[in-house]
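Right, one structure below, let's go through it.
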Amino acid sequence: MTRPLVEAAALSKHFTLGGGGLFRRPGETLRAVDGVDLRIMEGETLGLVGESGCGKSTLGRLLIRLIEASDGQVLFDGADITGLPPAKLRSLRRAMQIIFQDPYGALNPRMAVEDIVMEPMVIHGAKPDAAARQRVAAMLELVGLPRQAALRFPHEFSGGQRQRIGIARALVLRPRFIVCDEAVSALDVSVQAQIVNLLQDLQREMGLTYLFIAHDLSVVRHISDRVAVMYLGRVVEIAPKAAIYDAPMHPYTRALIAAVPAPHPAGRAARRAARLRVEGEMPSALNLPPGCRFHTRCPHAMAVCRSVSPPLREYAPGHSTACHLHDPQHRPAATEEFAA
Amino acid sequence: MSETGALPLEATLAAPEAEPRRRHPAWATLRRLFRHRLFVTGLVLFGIIAFMAAAAPWITDANPNRLSMRNKFQPPGGDWVFGTDNFGRSLWSRVVWGAQLSVMIGLSVVALNAVFGTLIGALAGYFRRLDNILMRVNDALMAFPAILLAIGVTAMLGPSTFNVILALGIVYIPRTARIVRASVIVLREMEYVQAAVAAGAGHWRILRHHILPNAMAPMIVQLSFLFAYAVLSEATLSFLGLGAVPPTPTWGNIMAEGRDFMRDAPWIIAIPGVTLMITVLGLNMLGDGLRDVLDPRLRIQQ
């Protein structure tokens, strides 16, 4: 964890809705990701959490250039890859891969497992010969599948096994950076644990760097080194795992963590006492509130929150948040409890 | 599932170097098709017509146009299986050779659609920049009622077998393209397509390996119905005198000629009519069966 492998600088993705047609007016703009700065260190797992629709999947796809950024830059291993021409991008693709959520939609139903796992190799110039098949078999064994699985088709496997196939496909080119886009969210809890452990083993063996996107906070807690919290296209808090779970700074993070069911009754009581309620729905990314995006639901909203957007600032070592409550300039007396 | 997997497994264990047998998912689909009663009935009905068409030179005397004025208006049965027409030509011969022409035209229209419908649909669905242009042209063609457009095109080009194929192609390709486009739009967002992009696959590879094979099912269904429409439209056109030029027998022009003698020799119009009905019914049943088995949206409802 010495240097950043992947960096986002003022990264934005704006989608224009309903526009572009011959007789249609230019549509509204959806700000899925809006000015995100992020660093993912080599060898670490960065958890990325947030409600559905907050832009976490979009951010993940931007980082590996599965979609093109509207603004800002992505740096991989120190080099700007935002404007890379297709030919150079292709060779870069070896280094970064993605694992998807839906184990049913992520595998082409008309291809045998061997062809699915081999495809990235073939794209990058390998001949589909015995040596390649050998490598596929080794890969399948690495992810915990029998090598005979190579000849079967996706419909013959369970959800967890399919996810293993997806992992094998992502890893066959020996990438350095993997985006796990809700990689375990669609699986049974017992299978989730197996896949999470597999991902951790593979990380150790192959020195991988993960961006682990999820909405399940306990899974994120288990696998991550650091955690970033997203709200409406922005990162609102980022900190080492322990700090974010034990001393969350942003009111949104506090609410998220308070909402995780506590396993122990004593914990529950304590949690209830400190519970922080967030009411209402997340505003639409088509029509963002002015100032802090969270002020419409924040129990501590102040006048400044309605007009000035708080910058992401480091308030404790390695612990940054975008909230006026922690800014000495704005910090009100009534929320003294927040200044941990 | 265990039954499906057992064989290839053992094969690999015994001889790891040999190319093992793969159970492609298409096998299961085929098995389901042949258990589908409607599909099998349709296949048999259409099979009869297809056999007639293929075997025409051997099951009739070679010339469907041989006149025999002494034998005109012979009713079906006896020496003349299907009777004779106003020139004493064997109706059996004429209907069988007509079947050959119908099937040939149907197949050609289906082939034209399979190639150009897929091409246009795939381009429009995959390259969204082309979508607007291609689909507006498509919409313009689809705005005409099918048979009217076909009549217009053949009237312009003149009646001939080739022109009928061309006209029906122009009429139906936009419809096929729409269906292909719809599946391509859905498929290009699938995660396995995203995975291929992430692996660095080019457009051609993605279309060929990931999108088109999965867009086949709705297209096959569409093409089986299209076959029926094409045969029906061809009969309509030649009934109106816009099809193959007489004396070449087609079901349409046999019926057109027979219309004048409907009261005294009803079989002249009835027999090609029934054959046409069997063809269209068979193809529609076949298409319904295919749709039930191949179209996932309907499979979920079962």
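Cα-based radius of gyration for segment A:81-198, normalised by 2.2 N^0.38 Å, reads 1.06.
Shown is the FRET efficiency for A:Asp246 and A:Val122, computed with R0 = 56 Å from the Cβ-Cβ distance and rounded to the nearest 0.05: 0.75.
Extending 7 Å from the Cα toward the beta-carbon at both B:Leu107 and B:Trp58 defines two label points whose distance is 1.5 nm. I want to verify a result. In a Gaussian network model of chain B, Cα cutoff 10 Å, which of these has the top mean-square fluctuation: B:Trp92, B:Trp80, B:Trp251? The residue with the greatest mean-square fluctuation here is B:Trp80.
Given R0 = 56 Å, the distance between the Cβ atoms of B:Ala182 and A:Val308 translates into a calculated FRET efficiency of 0.75.
Here the protein assembly as shown is treated as an ellipsoid with the same Cα gyration tensor; its semi-axes, largest first and in whole Å, are 65, 29, 21. Run down the lysines and flag those whose C-alpha is under 25 Å from the C-alpha of A:Lys241, throwing out any fewer than 8 positions away in its chain. Straight-line reach from A:Lys241, under 25 Å: A:Lys56. Computed over all pairs of different Cα atoms, the Kirkwood value for the hydrodynamic radius of segment B:164-302 is 17.8 Å. When chain B is treated as a Gaussian network with alpha carbon springs shorter than 10 Å, the biggest mean-square fluctuation among B:Trp97, B:Trp267, B:Trp58 belongs to B:Trp58. A Cα-only calculation for chain B places Rg and Dmax at 23.6, 77 Å. Counting Cβ atoms of other protein chains within 10 Å of each Cβ in A:102-111 and taking the mean gives 6.
For segment B:134-173, would you read off the P(r) tail past 15 Å as a percentage of all alpha carbon pairs?
On the way: 273 of 780 pairs.
Cα-Cα pairs of segment B:134-173 separated by over 15 Å account for 35 percent.
Listed by number, the DSSP H helices of chain B that run 15 Å or longer by alpha-carbon position along their axis and have mean Kyte hydropathy of at least 0.0 are B:2-14, B:37-54, B:91-112, B:146-157, B:161-187, B:212-239, B:267-294.
Order of B:63-70, A:98-105, B:38-45 by packing, highest average Cβ count within 10 Å first? Display every interim value, and only then the final one.
Working: B:63-70: 12.9, A:98-105: 22.2, B:38-45: 18.1.
The most tightly packed comes first, giving A:98-105, B:38-45, B:63-70.
Counts of other chain beta carbons within 10 angstrom of each beta carbon in peptide B:203-215 average 2. Direction-averaged projected area, Cα convex hull, segment B:122-190: 4.9 nm², rounded to one decimal.
Under the 0.36 nm per residue contour assumption, what length would be gained going from the current alpha-carbon distance of A:Leu17 and A:Ala193 to full extension? Numbers along the way, then the final one.
Details: separation 176, 0.36 × 176 = 63.36 nm, distance 3.86 nm.
Roughly 59.5 nm would be gained on extension.
About the centre of its Cα atoms, the protein assembly as shown shows a dipole size close to 260 debye [charges on the beta carbon of Lys, Arg (+1) and Asp, Glu (-1) only; nearest 20 debye].
Using mean Cβ contacts within 10 Å as the protection proxy, how do A:84-97, B:155-168 order, highest first? Working shown, then result.
Working: A:84-97: 15.3, B:155-168: 17.9.
Put in order of decreasing packing, that is B:155-168, A:84-97.
Across segment B:204-302, the relative contact order, built from alpha-carbon pairs under 8 Å that are at least six residues apart, equals 31 percent. Each peptide in B:27-33, B:112-118 gets a packing score, the mean of other Cβ atoms within 10 Å over its residues, and the list from highest to lowest is B:112-118, B:27-33.
How many percent of Cα pairs in chain A exceed 32 Å?
The calculated P(r) of chain A puts 35 percent of pairs beyond 32 Å.
Amide H contacts of A:Ala259: none lie under 5 Å away among residues 5 or more positions distant or on a separate chain (H built 1.01 Å from N in the peptide plane; Pro and chain starts excluded).
Summarise the partner chain shielding of A:144-153 as one whole number: the mean count of Cβ atoms from other chains within 10 Å of each residue's Cβ. Before the final figure, lay out each step's value.
Working: counts 0, 0, 2, 2, 9, 2, 4, 10, 7, 7.
Partner Cβ neighbours, averaged per residue: 4.
First measure r as the distance between the Cβ atoms of B:Leu30 and A:Arg135, then evaluate 1/(1 + (r/R0)^6) with R0 = 30 Å and state the FRET efficiency to the nearest 0.05. So the FRET efficiency works out to roughly 0.35.
Since every read-out is calculated from the coordinates, none of them should be taken as a lab result. Quick caveat, the model's predicted, so the values are computed rather than measured. Methodologically, a virtual Cβ is constructed for each residue, glycine included, from the backbone with ideal geometry; neighbour enumeration extends over all protein chains shown.
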